[in-house]
Structures are given as structure tokens and as C-alpha cells.
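Report on the structure given below.
Nothing in this text is a laboratory measurement; each read-out follows from the coordinates by a stated rule. Note that the structure is predicted; figures quoted are calculated from it, not measured. Neighbour counts run over all protein chains shown; Cβ positions are idealised from the backbone, glycine included.
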Amino acid sequence: MGLYILDGKTPVPCFDITQWGSLSKNDKLVGLYKFGEVVVSTVFLGMDHSFNGGTPVLFETMIFGGEYDQFQERYCTWDEAEEGHKVACELVSKIAIDREKKLDDLGI
């Protein structure tokens, strides 16, 4: 597994473990969305998760809480990660809106 850092939004190989280890949470954050108790987080992993060669897989979206708890998708580029984050946020929002409508219809 190769190590990477970001040059802006572009991943570049990193051969210095100290430099790689100095990345802060803010350096890795692509997106963070909180809807009540549900959190959608998209981050730069800094380590290739492709496991079989080919294009490095360096970004991950996860949902914590709610109906899609532990949902996970991984991506190769920042742009793919941003789009994946948006899709996961829409999924969480739609479920919350649908739930609110159903409760409202029931008068709760």
C-alpha cells in the first residue's frame, strides 16, 4: 500500500512517513454533514486501498448512524469523493424528510 499526501486536491505519492503522519484531520476532510444523530463523512485516506494495483483508491465516504449506518464507498479522486459525499448526503436527507412527512401525516 502506497502512501499519499494532497497537493491541493491532487494526491501525490509520499515517501516520507513523518510528512505523511503530520497530516491533520482538516488536511484530510473532503466533506462533513450532520443531520441530527446521523453523520456523513468523506475523507482523504492517505493510503492506497485498491489492494490489487491499478488506480489508487484514496478517499472514503461513510455514514454513521441511522438506517444506513456503516454505509461506505471509496473513490480514486477528490472530485469523485465530492460527488459521492453529495450522493450520501442526499440519501440521508431523503430518509429524514420521508420520515418527517410520515410522522406529520400521522399527526405525531
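Taking amide H atoms as placed 1.01 Å from N in the peptide plane, the amide H of ILE5 lies under 5 Å from those of VAL12, CYS14, each 5 or more residues away in sequence or on another chain.
Could you list ILE5, ILE63 in order of exposure, starting from the residue whose Cβ has the fewest other Cβ atoms within 10 Å?
Numbers: ILE5 18, ILE63 22.
Placing the least packed residue first, the sequence is ILE5, ILE63.
Sequence-ordered 3J(HN,Hα) estimates for segment 42-56 from the Karplus curve with 6.51, -1.76 and 1.60 and θ = phi - 60° stand at 10, 9, 7, 6, x, 9, 5, 10, 6, 6, 9, x, x, 5, x Hz, glycine and proline given as x. The length gained on full extension between LEU29 and GLU73, counted as 0.36 nm times the residue separation minus their Cα-Cα distance, comes to 14.3 nm.
The orientation-averaged shadow of the Cα convex hull for the chain, equal to a quarter of the hull surface, comes to 7.5 nm².
Residues whose amide H lies under 5 Å from that of PHE71, counting only those 5 or more places away or on a different chain, are ILE63; hydrogens are built 1.01 Å from N in the peptide plane. Mean residue ellipticity, 222 nm, helices only, the chain: the sum of -39500 (n - 2.57) across DSSP H runs of n ≥ 4, divided by residue count and rounded to 500, is -10500 deg cm²/dmol.
Karplus-based coupling profile of segment 66-72, in residue order and whole Hz: x, 5, 10, 3, 6, 4, 8, with θ = phi - 60° in 6.51 cos²θ - 1.76 cosθ + 1.60 and x standing for Gly or Pro. Note on segment 4-105: Lys pairs 8 or more places apart or on different chains, Cα atoms under 15 Å apart, count 6. Backbone amide hydrogens, once placed in the peptide plane, bring PHE59 within less than 5 Å of LEU45, TYR75, excluding anything fewer than 5 places away on its chain. The string of couplings for segment 60-65 from the Karplus curve (6.51, -1.76, 1.60, θ = phi - 60°) is 8, 10, 9, 10, 10, x Hz, one whole number per residue in order, with x for Gly and Pro.
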